[in-house]
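Read the structure below first, then the notes.
The values are calculated or read from the model by the stated rules, or taken from the named source; none is laboratory data. All figures in this text were calculated on a predicted structure; none of them were measured in a lab. So basically every Cβ, Gly included, is an ideal-geometry build from the backbone, and we count neighbours across all protein chains shown.
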Amino acid sequence: MSSSPDTTTSDLLDKVINLCKRRGFIFPSAEIYGGFRSAYDYGPLGVLMLRNVKNAWWHSMVQMREDVVGIDAAILGPPAVWAASGHLETFTDPLVDCKKCHERWREDKIDGKCPNCGGTDFTEPRAFNLMFKTSAGPVEGEGSTAYLRPETAQGMFVNFANVLSTSRKKPPFGIAQIGKSFRNEITPQNFVFRTREFEQMEMEYFVPPADAVQWHEHWIEERFNWYLALGIPEESLRRYVHAPEDLSHYSKGTTDIEFKFPWGFDELEGIANRGDYDLGAHSKASGEKLEYFDQATNERYTPYVIEPAAGVTRAMMAFLLSAYHEDEVEGETRTVLQLDWRLAPYQIAVLPLSKKPELEGVAKEVLSKLQPHFMCDFDVTQSIGRRYRRQDEVGTPLCITVDFDTLEDRAVTVRDRDTTVQTRVKIDDLLHHIWEAMAPA
Ligand code: ATP
């Protein structure tokens, strides 16, 4: 039996960070130059899992909905966008310096005590703008200033009229986007939880103002259930409703979905009712009408926006922490990542029992039968027991072993990661068997 992980222990965090490095999920960026604290690189397994997290989101938010379309907007943007959105003026964190060790901190994250030296004497907080500023074109100066987007959301607002007229959608409808965002965080920390370069998955759902509260509730439930369906235990998740006095300048109501990270409950995703703030602000600043004309009622209005805003990398971290288990198999401790098969880097590993060419030939045949449908690993090194452990450790749900009997009976052994139960299956029935095994319970 495997034990449920206690996601609150820092021991677990160390184990997951170690596994990520050792097995090629996540590397510190620019490591050969001593690393770059604010950035991480995703290795061969990490890039697969990251893509799976994004695909699972896109599947539920776009593919399964006839009322949501996607876009992919530019990362670089002109100051006008960020002036209208309020980011130039208000996208700031309170920065303080510890008077003893001179380290800089975000005042709202340190509880009055310097995490470096324990000092309690700080400078007055200054508003520090989190946007990365750069210049576009060969001449630096006022006219060339550009910003790296600190969120993907504004791409949806500035394209509202384009999408409305080309997609023929009408409220309630949504525009979804996945992509990189950049924030000059004062203290990037906790592995990939807070980095300066990260990926977001955001959707702006445009609704008639009178329906906004109801749609807000709808999306809070939808998003909570998404994490549950992909394997995060309910006791590791909670909703946190922001107090009215703590709301951001654009928000009429925000509920976060929080995950029990090793340091306590912290934000995974925010779901905000942004009212007509964004469309109103861009309409005013650009002079373009960003409204909807409802022919049925002859009414023109600015839709309200419900925004579920999630982090790809934060979600990946929560999935990894939830999936990490240790149990005992044949008297040995094994590490197993009990990832949902939609998130696991490889769904299947094909393992010929020995390196003999006749076995490898059939194993390659099995592999090419599965590759169009699943991400597969192929491993011929080491003992079969060792190879099973290696796959368990990276969360591969099924291992398929090709042995000498396969040459006679055209059947293979399918081993389940979580139960370790092995089943003999005909090669001809393999695809059907796998689809059954991976169907949600
Ligand atoms: P925080 O309070 O943690 O700084 P936020 O409330 O500013 O986050 P949002 O602007 O609501 O975050 O961004 C939506 C989501 O994007 C967050 O819930 C998180 O998953 C992700 N995210 C935001 N900032 C970062 C970051 N620096 N690194 C990784 N993910 C981030």
Practice task
Considering every residue within segment 123-142, establish whether at least one is exposed (fewer than 14 other Cβ atoms within 10 Å of the Cβ), modelled with pLDDT of 90 or more and assigned to a helix (DSSP H, G or I).
Solution key: no
Exercise for the section: Examine segment 419-437 for a residue that is small (G, A, S) and modelled with pLDDT under 95, and state whether such a residue exists. Expected result: yes
Practice task
Please give the number of the condition N184 fails out of (1) farther than 30 Å from H102 by Cα; (2) within 14 Å of the ligand (Cβ to nearest atom); (3) of a type outside the set (D, E, K, R); (4) touching a residue at least 40 places away in the same chain (Cβ under 8 Å).
Solution key: (1)
Practice task
Given the conditions (1) surrounded by fewer than 22 Cβ atoms within 10 Å (Cβ to Cβ); (2) assigned by TED's automatic domain parsing to the domain that holds R196; (3) under 30 Å from R417 (Cβ atoms), report the number of the one that V329 does not fulfil.
Solution key: (2)
Exercise for the section: Hand me the list of helices (runs of 4 or more DSSP H) wholly inside segment 13-97 holding 3 or more residues that are surrounded by fewer than 17 Cβ atoms within 10 Å (Cβ to Cβ) and under 22 Å from the mean Cα position of the chain (by Cα). Expected result: 44-58
Handout entry: Test: E217 is without any contact (Cβ under 8 Å) to a residue 12 or more places away in the chain, within 19 Å of the chain's Cα centre (by Cα), in a helix (DSSP H, G or I) and more than 18 Å from V53 (Cα to Cα)
Key = no
Handout entry: Scan of segment 241-256 for residues that are among the hydroxyl-bearing types (S, T, Y) and within 9 Å of the ligand (Cβ to nearest atom), ordered by number
Key = S248, T254
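Inside segment 390-441, can you point out the residues that are hydroxyl-bearing (S, T, Y) and surrounded by 19 or more Cβ atoms within 10 Å (Cβ to Cβ)? It would help to see each step written out before you state the result.
Kept after step one, since they are hydroxyl-bearing (S, T, Y), are these residues of segment 390-441: 396, 401, 406, 413, 419-420, 423.
Within segment 390-441, T396, T401, T406 meet the criteria.
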Handout entry: Within segment 257-307, considering residues that are in contact (Cβ under 8 Å) with a residue 24 or more places away in the chain and hydroxyl-bearing (S, T, Y), the one nearest to the ligand (Cβ to nearest atom)
Key = Y277
Exercise for the section: Tell me, please, whether a residue that is assigned to a helix (DSSP H, G or I), without any contact (Cβ under 8 Å) to a residue 60 or more places away in the chain and within 16 Å of the ligand (Cβ to nearest atom) can be found in segment 101-109. Expected result: yes
Exercise for the section: Name the residue, out of R300, R239, R314, that is among the basic types (K, R), part of a helix (DSSP H, G or I) and either under 22 Å from the mean Cα position of the chain (by Cα) or surrounded by fewer than 20 Cβ atoms within 10 Å (Cβ to Cβ) (or both). Expected result: R314
Completion exercise
In segment 67-102, residues that are farther than 16 Å from M156 by Cα and touching a Lys or Arg at 6+ places or on another chain (Cβ under 6 Å) total 3
Completion exercise
Those residues of segment 187-212 that are touching a helix residue (DSSP H, G or I) at 6+ places or on another chain (Cβ under 9 Å) and near the ligand (Cβ under 9 Å from one of its atoms) come to a total of 9
Handout entry: Cβ-Cβ under 7 Å pairs, at least 6 apart or on other chains, segment 226-249 side over 19 Å from G311 (Cα atoms), far side within 14 Å of the ligand (Cβ to nearest atom) and assigned to a loop (DSSP other than H, G, I, E, B)
Key = H249/G86
